[in-house]
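The values are calculated or read from the model by the stated rules, or taken from the named source; none is laboratory data. These numbers come from a predicted model, not from an experiment. Here the Cβ is made from the backbone with ideal geometry for all residues, glycine too, and neighbour counts use every protein chain on show. Accessible surface is based on the protein model in full, side chains and every heavy atom, while ligands, DNA and RNA are left aside. Shrake-Rupley method; radii C 1.70, N 1.55, O 1.52, S 1.80 Å.
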Amino acid sequence: MTNFKFIHPIENAGKIAEYHQTIGKLLGTVYSDRDLWIRKKDNWIAVASHDSFIEGEFEARLVKALAARTCTYTEVIAIAWEKLLNFPLAFTIPLTLEALEEFDISNPGFLFVLFAGEPDWLIFVTRLDYLIIAGQPAFVYEVLGCEPDQAFNGIQKMSESEYINPVVRRHYAHLLKQLQVLYPQVEPETVLNLGWLNWKDEQGQYF
């Protein structure tokens, strides 16, 4: 197992189950590679952003945004959102730039959800070229460093790119409709299906 300098693997099965339950109220389905849904939380927005937004200053913006919150976070939880072997299922990440860079949000290698609190916000890191940031609008703006529509532009471009598999393009287009259009309009507790990779290629195989 990899040795970590700043972040701390969580081995307590009860804690891991508790974190799964916390995130499972808003994001699902745990351990499914065929389905992904998100539940609308009151006064939240959810933005799908191209992972170029998490390069450079992303970690610094996240540390700054969390440090500014009145609840005074000291750490972030990262929970695996898939089955893993020979790798920790969860971490505590101290609220420092060094710790977040060690976790490497841009490329953790697996599906992970970062969150703190009840959750008070969440960041879902996927295997594709995007992540989903959900929370209070002010928090999402601060972490992105731009307006949500600007962040969605990267997803829009990928949904139209001739260089991307048509199956994945449909997935990006679906994300845009569900998060940019529908999520702000629906009532709290509404569940929106994000599709994940529940799309088939010309041979009928899941991509």
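Of all residues in segment 122-175, those satisfying the criterion of being over 14 Å from ILE105 (Cβ atoms), under 15 Å from the mean Cα position of the chain (by Cα) and among the hydrophobic types (A, V, I, L, M, F, W, C) are LEU128, ALA134, PHE139, VAL140, ALA151, PHE152, ILE155, LEU175. The residues of segment 181-192 that are in contact (Cβ under 8 Å) with a residue 60 or more places away in the chain, not β-branched (Val, Ile, Thr) and not in a loop (DSSP other than H, G, I, E, B) amount to a single one, LEU192.
Go through segment 37-92 and count every residue that is of a type in the set (S, T, N, Q) and without any contact (Cβ under 8 Å) to a residue 40 or more places away in the chain.
3
Name the single residue that is surrounded by the most Cβ atoms within 10 Å (Cβ to Cβ) among those in segment 110-134 being touching an Asp or Glu at 6+ places or on another chain (Cβ under 7 Å) and under 18 Å from VAL76 (Cβ atoms). Please lay out each step first, then the result.
Our first condition is that a residue be touching an Asp or Glu at 6+ places or on another chain (Cβ under 7 Å); within segment 110-134, this holds for 110-111, 129-131.
From what's left, under 18 Å from VAL76 (Cβ atoms): 110-111, 131.
Numbers: PHE110: 16, LEU111: 20, LEU131: 23.
By that ranking, first place goes to LEU131.
Can you run down the residue pairs with Cβ atoms below 8 Å, 6 or more apart or on separate chains, where the first is in segment 143-155 and touching a residue at least 24 places away in the same chain (Cβ under 8 Å) and farther than 18 Å from THR126 by Cβ and the partner is of a type in the set (Lys, Arg) and surrounded by 13 or more Cβ atoms within 10 Å (Cβ to Cβ)? Once the first residue is touching a residue at least 24 places away in the same chain (Cβ under 8 Å) and farther than 18 Å from THR126 by Cβ and sits in segment 143-155, its partners that are of a type in the set (Lys, Arg) and surrounded by 13 or more Cβ atoms within 10 Å (Cβ to Cβ) give GLY145/ARG61. Among the residues of segment 63-84, are any over 16 Å from ALA116 (Cβ atoms), modelled with pLDDT under 95 and open to solvent by 60 Å² or more (accessible area, probe 1.4 Å)? There is at least one residue in segment 63-84 that is over 16 Å from ALA116 (Cβ atoms), modelled with pLDDT under 95 and open to solvent by 60 Å² or more (accessible area, probe 1.4 Å).
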